[in-house]
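Structure record follows, encoded as structure tokens.
The values are calculated or read from the model by the stated rules, or taken from the named source; none is laboratory data. Treat the numbers as computed from the prediction; the structure is a model and nothing was measured. Counting neighbours? That spans all protein chains shown, and the Cβs are built from the backbone with ideal geometry, glycine included.
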Amino acid sequence: MGSRRILVVEDEAIVALDIRNRLTHLGYQVVAMVSTGEEAVARSGDMRPDLVLMDIMLPGGMDGIEAATLIRENFDIPVVYLTAYADQQTLARAKITNPFGYIIKPFEDRELQTTIEMAVYKYETDCKLMLSERWLGTTLKSLGDAVVTTGPAGLVQYINPVAEEMLGTTLEQAVGKSVPELFGQEGCALTATGSHTCELTGGDGDELPIEATVSPILDDWGARIGTVMVCRDISERVRSEYRMREYVASLNRTLEATVSALAVTAEKRDPYTAGHQQRVSALACAIAQEMGLEEERVRGLRVAGLLHDIGKIYIPAEILAKPSTLTSIEMGLIKTHAEVGHEILEHIPFPWPVARMVLEHHERINGTGYPSGLRADQLLPESKILSVADVVEAMSSHRPYRAALGLARALGEICDNRGELYDPEAVDVCVRLFEKGYTFDTEAG
């Protein structure tokens, strides 16, 4: 209290001295005593006291109420009225100036001290609140996102400048509207707590995609007294995502074209098996889908099926087209196509293990296949499916050294060796597909 600096405005000298003595006794510092409104305003500006004790009835052309008004407007110093006049008209005039206290003469020291301390406390609290509001207001106006707040009834109480621009409205026009009315959407999901993505009609009439986060404003007892909504223009993000999807689609088209070109390259070396890779790929994908493999893994299997014999470009054409039974040396050379295919493909950055599937498509689950004699637990599930599809298609189709054996023989082969050479589930699904009417003619390619 000793730091409180007080200006006393009192036209009666004896009363002024009494007030000064009381204040000094209470531990306050009286910076000056003046007797007119004009002097009160001048000294307030010069000395900047912590508080002004103001008599209402003063001599001259300016009474205490008029002086208090100027002091508050120009210097923001709290004023406490100290007067013997308590009529309704005077009180009504005094209230207009928003005083921080009102003491009626005569008064006791305790009343004087209590009023001064309450006035200073209220003034400091108001200053903190005003500063906090200024910080908050500046922050909200500086945000790059739109901010909308609503009250207990769900009606708008505030929008920041970004929201004004986004919604094509002003704060004055927005206040009192409901959220659906403000955003121009009936049944607007933005009234619910949480994150939402939707489109609204912007200030320029164009559809604007936004992402909004709605949070409740709660009182000290947890009751909802309003909401704050932060909306972000995500049109650039939406455009970027669209461009990315288009780019990925373009890459996929390029990949498919490249894979097709590689497949055709292999078949140019072995025209008698034209279409074999496409038919194997289609059957393998049908089996995988029926088995419930993820779509992305099915896509990888499709590519591996289209390229599984690409290693045959290393094999002399006269061996591939030989109309008679192959010698053991020729068969050994044919068997290298899996490894050659792996070497061709292993450095291509496919998003799937295509090269490994190509390498393993002639392996058998009991370890009797080639080139590495791998067993079931060492093989990719896709490789097991691919081997079943390859055997069924190869046996069903014509070869230079033999006529087509037919679908029945092919299905008999995989059924007879189910669980020994071929994966049991892949065999069962393959047979079931043909029982349902699957054909190479309708599904190939």
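Summary table below
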| quantity | calculated |
| --- | --- |
| So Thr90, is it over 25 Å from Arg5 (Cβ atoms), in contact (Cβ under 8 Å) with a residue 12 or more places away in the chain, in a helix (DSSP H, G or I) and outside the structural domain of Glu164 (by TED's automatic domain parsing) | yes |
| Residues of segment 176-198 classified as surrounded by 15 or more Cβ atoms within 10 Å (Cβ to Cβ) and either in a strand (DSSP E or B) or modelled with pLDDT of 75 or more (or both), total | 7 |
| In segment 153-168, the residues that are surrounded by 17 or more Cβ atoms within 10 Å (Cβ to Cβ) and part of a loop (DSSP other than H, G, I, E, B) | Asn160 |
| Residue within segment 49-61 that is assigned to a helix (DSSP H, G or I), without any contact (Cβ under 8 Å) to a residue 40 or more places away in the chain, in the same structural domain as Arg110 (by TED's automatic domain parsing) and under 28 Å from Thr125 (Cβ atoms) present | no |
| Residue within segment 275-291 that is charged (D, E, K, R) and at pLDDT below 85 present | no |
| Residue, modelled with the lowest pLDDT, within segment 292-335, restricted to residues that are more than 23 Å from Leu262 (Cα to Cα) and among the β-branched types (Val, Ile, Thr) | Thr325 |
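So that you can scan it fast, the table gives a plain yes or no per residue for (1) in a loop (DSSP other than H, G, I, E, B); (2) of a type in the set (Asp, Glu); (3) in contact (Cβ under 8 Å) with a residue 12 or more places away in the chain; (4) in contact with a Phe, Trp or Tyr (Cβ under 8 Å, 6 or more places away or on another chain):
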residue: Ala212; (1), (2), (3), (4): no, no, yes, no
residue: Pro216; (1), (2), (3), (4): no, no, yes, no
residue: Trp221; (1), (2), (3), (4): yes, no, no, no
residue: Ile225; (1), (2), (3), (4): no, no, yes, no
residue: Cys231; (1), (2), (3), (4): no, no, yes, no
residue: Val238; (1), (2), (3), (4): no, no, yes, no
residue: Glu246; (1), (2), (3), (4): no, yes, no, no
residue: Ser250; (1), (2), (3), (4): no, no, no, no
